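Read through the structure below, which is laid out as structure tokens, and then see the notes.
The values are calculated or read from the model by the stated rules, or taken from the named source; none is laboratory data. None of these values were measured; they are calculated from a predicted model. Methodologically, a virtual Cβ is constructed for each residue, glycine included, from the backbone with ideal geometry; neighbour enumeration extends over all protein chains shown. Side chains included, ligands, DNA and RNA excluded: accessible areas come from the protein's heavy atoms. Shrake-Rupley method; radii C 1.70, N 1.55, O 1.52, S 1.80 Å.
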Amino acid sequence: MEKLDQIIATNLTYLRRRAKLTQLEFGEKFNYSDKTVSKWEMGTVIPSVETLKQIADFYGVSLDYICTQHKSSKDYESEKGKVVKPQEKMIFMALFVSVIWFIAAVVYAVGYMRLGTADSSTNRWWVSFVYAVPASFLVLTYFVTRYFKGSKWSYIFFSAFIWTILASIYVNLLFQGQNYWFLFLIGVPAQASIILLRKLRKNN
């Protein structure tokens, strides 16, 4: 039986190639260099348990699967259906975002038809599109955090959510004759907290 470091190296190599990722592309998703990934796949260095768990979640397999020797290609194929490719995850995320905008369009259309063209000047159902923006960023934050743990994009999308939700509320109130510009002050400490949290986790 192979040593554990070689078993892990073999499985990491197989999973990366199945996902059609280069060592550089894979490393960037976890803030590691391609040289580090190369060492993992050569078996000279073993990733930490925490990193292995993140990699397992990324590929949609169990931690035990990465640490278990697979004697034949059939063992790999038995897990094939459980592996979700990064491209499929991206499509899934885009699907959810498109659903949000579809709902926004339906809300606007129904609201417009109920008011009628005569009252089009008072039609404020367009606000559904305004709120669709932060809703999209919130959905992206959730799925990136779940599928691509450790990715900087989860922080970027969450920052975008904070600022766009504040902007949406501001625009909505502005058209009601209320200029609450100081709402954006809430975003300053929120943004600072996100940056500090990102640095803290990166250092750890």
Legend entry - Members of segment 1-41 found to be of a type in the set (Val, Ile, Thr) and under 16 Å from Gln54 (Cβ atoms), listed by number: Ile8, Thr36, Val37
Inset, instruction - Only residues that are β-branched (Val, Ile, Thr), at pLDDT below 85 and either closer than 25 Å to Phe157 by Cα or in contact with a Leu (Cβ under 9 Å, 6 or more places away or on another chain) (or both): list them for segment 109-131, please. - result: Thr122
Legend entry - Selection from segment 62-89 of residues that are open to solvent by 60 Å² or more (accessible area, probe 1.4 Å) and modelled with pLDDT of 85 or more: Asp64
Inset, instruction - Considering only segment 6-21, state which residues are free of Cβ contacts under 8 Å to residues at least 40 places away in the same chain, open to solvent by less than 70 Å² (accessible area, probe 1.4 Å) and within 23 Å of the chain's Cα centre (by Cα). - result: Arg16
Legend entry - Within segment 25-58, tally of residues that are of a type in the set (Ser, Thr, Tyr), within 19 Å of Gln6 (Cα to Cα) and either at pLDDT below 85 or surrounded by 14 or more Cβ atoms within 10 Å (Cβ to Cβ) (or both): 3
Inset, instruction - Scan segment 151-169 residue by residue and report those that are in contact with a helix residue (DSSP H, G or I) (Cβ under 6 Å, 6 or more places away or on another chain) and outside any helix (DSSP H, G or I). - result: Ser151
Legend entry - Flag for Ser154 being under 30 Å from Leu52 (Cα atoms), surrounded by 15 or more Cβ atoms within 10 Å (Cβ to Cβ) and either of a type in the set (Asp, Glu) or modelled with pLDDT under 90 (or both): yes
Inset, instruction - For Ile8, indicate whether it is touching a Pro at 6+ places or on another chain (Cβ under 9 Å), outside any loop (DSSP other than H, G, I, E, B) and closer than 20 Å to Val144 by Cα. - result: no
Legend entry - Candidates Ile186, Ile194 - the one that is open to solvent by 50 Å² or more (accessible area, probe 1.4 Å) and under 21 Å from Ala135 (Cα atoms): Ile186
Inset, instruction - Using the structure shown, decide if Val106 is open to solvent by 30 Å² or more (accessible area, probe 1.4 Å), within 30 Å of Ala135 (Cβ to Cβ), modelled with pLDDT of 90 or more and of a type outside the set (Lys, Arg). - result: yes
